[in-house]
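Colleague: One structure is given below, represented as structure tokens, and several questions about it will come after.
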Amino acid sequence: MTVLRSALNTADDTFRTNYRHQKQVLAELEEQVQAAIEGGGQRYQKRHRDRGRLLVRERIELLLDRDASFLELSSLAAWGTQFAVGASVVTGIGVVSGVECMLIAHDPTVRGGAMNPYSLKKTLRALEIARINRLPVINLVESGGADLPTQSELFVHAGKIFHDLTELSALAIPTIALVFGNSTAGGAYVPGMCDYAVMVDRQAKVFLGGPPLVKMATGEDADDEELGGASMHAKVSGLCDHFAVDERDCIRIGRQIVSELNWHKLGPGPTMPADEPLYDPDELLGIAPSDIKVPFDPREVIARVVDGSRFGEYKALWGTSLVTGWASVHGYPVGILANARGVLFNEEAKKASEFIQLANQTDTPLLFLQNTTGYMVGKQYEQGGIIKDGSKMINSVANSKVPHLTVNLAASFGAGNYGMSGRAYDPRLMFAWAGSRLAVMGATQLAGVMSIVAKSSAAAAGREFDTEADERNRAAIEAQIEQESHAFFVTARLYDDGLIDPRDTRTVLGIALSAAHSNIVAGQRGYGVFRM
Ligand code: COA
């Protein structure tokens, strides 16, 4: 492998402008992450503490091994919606008793920890990540169940939580419920479906129907403890496997359960030298421009992310809009596909297909660094079979079995999002730099297309075309698409697993690769029919 030589000039104006822009974006990100950490705000936090309870992040911190990493996912879920940023649940990959686990933790300070449509998406994605990467799941439960005013949007789909928990168990991926508080109605099935249930004395409330509902349904008088307290479930129903005297005891028992899982990762450990890159990761802030139309050399990113800045480039002189090659991150070998000039032409699509097959042949995980405006359009390219070549690439990506990790560095537009292993192509984990954009196409192009369609439609109907109204529509659509392609909007809807600071790319990928190696790492040996 060659050591990459950086051509980045940290003293020039472009670098400084980009750097300032990224800093500004990161300040905005930090503000929103803080809002997520505040959960329901000071009033509800105080009330929660006054009840002698730990906040959700304190529970997580105590559960994790000392100084262990916690890769929080989708921190900005529900951003910009009627619901609190973070969507009343914290999810992430953390190390508990030496085992990488998926943590799903309700935040009871946000509307009693009730689950809204975004919390549901976040929870289901966490369960999916646990399944595809084979990570034991620990639920830290304290939730008012469904957010009742939005029940119509979540009730039916929420059943999938219980479905997925038991499916994980059947796949020999252990599931644990640590019940700190309310876990009623449908929520009672979380400890019900988990392999292990721990409940906190005088705090856990696990019943299908609380006292008022029982009174209404059967006329019976009963209190919370009789219906679903930890003591009752430990001594009478047997739903509780471990009775915890308080929250800290519950966390201790949770750690003990994980330590007794006899857990082995199925993928290999790191095999390559894991030395730091030669270049300062801080310089990553000066690479991606504020204007996503301006291309940049992804080798500058690779040089600041991979071990020793070593990169064995594949087909360097062919299909140059896509950079492909071999490297390692924290000692884990990876094949990298990175867009260089945005557009994917025929050569790039074919090069990607070959490269993905090579990685599968050698069981090497793939890292997709997206900065694409999609596949090339136009007579020359259509006649040259761009659909067939794009299809080859999508075939290779879709049928590839090695772990995929995807990072949107700047732009993810059109079918380029699919070809570069976007959300619908099952990356084990996917992240986006906070300044990136994602949409079916750029805002200006989309507004322009709509305007042309409107003009043809008016002509076909024999109507006069209102140019002024068209200008207004165009501006409105452009503004709408601009807003909808913003990284915060995209991550709010769980189209990725979280926004990251570019400087953290190496660390995030290291944690993600390590988690991905909990499962078998094996490539696809046969492929679908390629359109030649
Ligand atoms: N849906 C929507 N909002 C809910 C909610 C739910 N399931 N549960 C609680 N909230 C809201 C409350 O209306 C309250 O809002 P407000 O402060 O703006 O008035 C806020 O969350 C806090 O609730 P509160 O009852 O004050 O908190 P608590 O900590 O004392 O009690 C619960 C929490 C969850 C035990 C209690 O709110 C409760 O029993 N909720 C209903 C549970 C339920 O029946 N869920 C349906 C299951 S399918």
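Colleague: How many residues does region 86-115 hold that are within 16 Å of the ligand (Cβ to nearest atom) and aliphatic (A, V, I, L, M)?
Modeller: 6
Let's see how each residue does on (1) at pLDDT 95 or above; (2) farther than 30 Å from Gly390 by Cα; (3) β-branched (Val, Ile, Thr); (4) open to solvent by 10 Å² or more (accessible area, probe 1.4 Å):
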| residue | (1), (2), (3), (4) |
| --- | --- |
| Gln256 | yes, yes, no, yes |
| Gly312 | yes, no, no, yes |
| Val323 | yes, no, yes, no |
| Arg341 | no, no, no, yes |
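Colleague: When you look at His404, is it open to solvent by less than 10 Å² (accessible area, probe 1.4 Å), touching a residue at least 24 places away in the same chain (Cβ under 8 Å) and farther than 22 Å from Ile292 by Cα, yes or no?
Modeller: yes
Colleague: Name the residue, out of Thr123, Thr175, that is more than 16 Å from the ligand (Cβ to nearest atom), in the same structural domain as Ala77 (by TED's automatic domain parsing) and either more than 27 Å from Ala516 (Cβ to Cβ) or of a type outside the set (A, V, I, L, M) (or both).
Modeller: Thr175
Colleague: Tally time: how many residues in region 124-153 are part of a helix (DSSP H, G or I) and either open to solvent by 10 Å² or more (accessible area, probe 1.4 Å) or in contact with a Pro (Cβ under 7 Å, 6 or more places away or on another chain) (or both)?
Modeller: Looking only at that region, the number is 11.
Colleague: Any residue in region 146-163 that is among the aromatic types (Phe, Trp, Tyr) sitting within a Cβ distance under 7 Å of a residue that is within 8 Å of the ligand (Cβ to nearest atom)? List the pairs, counting only those 6 or more apart or interchain.
Modeller: These pairs meet every condition: Phe155/Ala146.
Colleague: A further question follows. With the requirement that a residue be out of contact with any strand residue (DSSP E or B) (no Cβ under 7 Å at 6 or more places or on another chain), open to solvent by less than 40 Å² (accessible area, probe 1.4 Å) and either β-branched (Val, Ile, Thr) or within 25 Å of Arg437 (Cα to Cα) (or both), what does region 354-388 give you?
Modeller: Scanning region 354-388 gives a single hit, Gly378.
Colleague: Can Gly181 be described as assigned to a helix (DSSP H, G or I) and either away from the ligand (no atom under 16 Å from the Cβ) or surrounded by 15 or more Cβ atoms within 10 Å (Cβ to Cβ) (or both)?
Modeller: no
Colleague: Here's another thing I want to ask about it. Please work out if Ser328 is in a loop (DSSP other than H, G, I, E, B) and either in contact (Cβ under 8 Å) with a residue 40 or more places away in the chain or of a type outside the set (S, T, N, Q) (or both).
Modeller: no
Colleague: For region 418-470, give me the residue count where each residue is open to solvent by 40 Å² or more (accessible area, probe 1.4 Å), in a helix (DSSP H, G or I) and within 19 Å of Val343 (Cα to Cα).
Modeller: 4
Colleague: Here's a check for you: in region 184-233, which residue that is in a strand (DSSP E or B) and more than 12 Å from the ligand (Cβ to nearest atom) is surrounded by the most Cβ atoms within 10 Å (Cβ to Cβ)?
Modeller: By that ranking, first place goes to Met199.
The values are calculated or read from the model by the stated rules, or taken from the named source; none is laboratory data. This one's a predicted model, so the numbers in the text were calculated from it and none came from an experiment. Please note: Cβ atoms are built from the backbone with ideal geometry, for glycine as well, and neighbour counts cover all protein chains shown. Heads up: the accessible areas ignore ligands, DNA and RNA and are worked out on the full protein's heavy atoms, side chains in. Shrake-Rupley method; radii C 1.70, N 1.55, O 1.52, S 1.80 Å.
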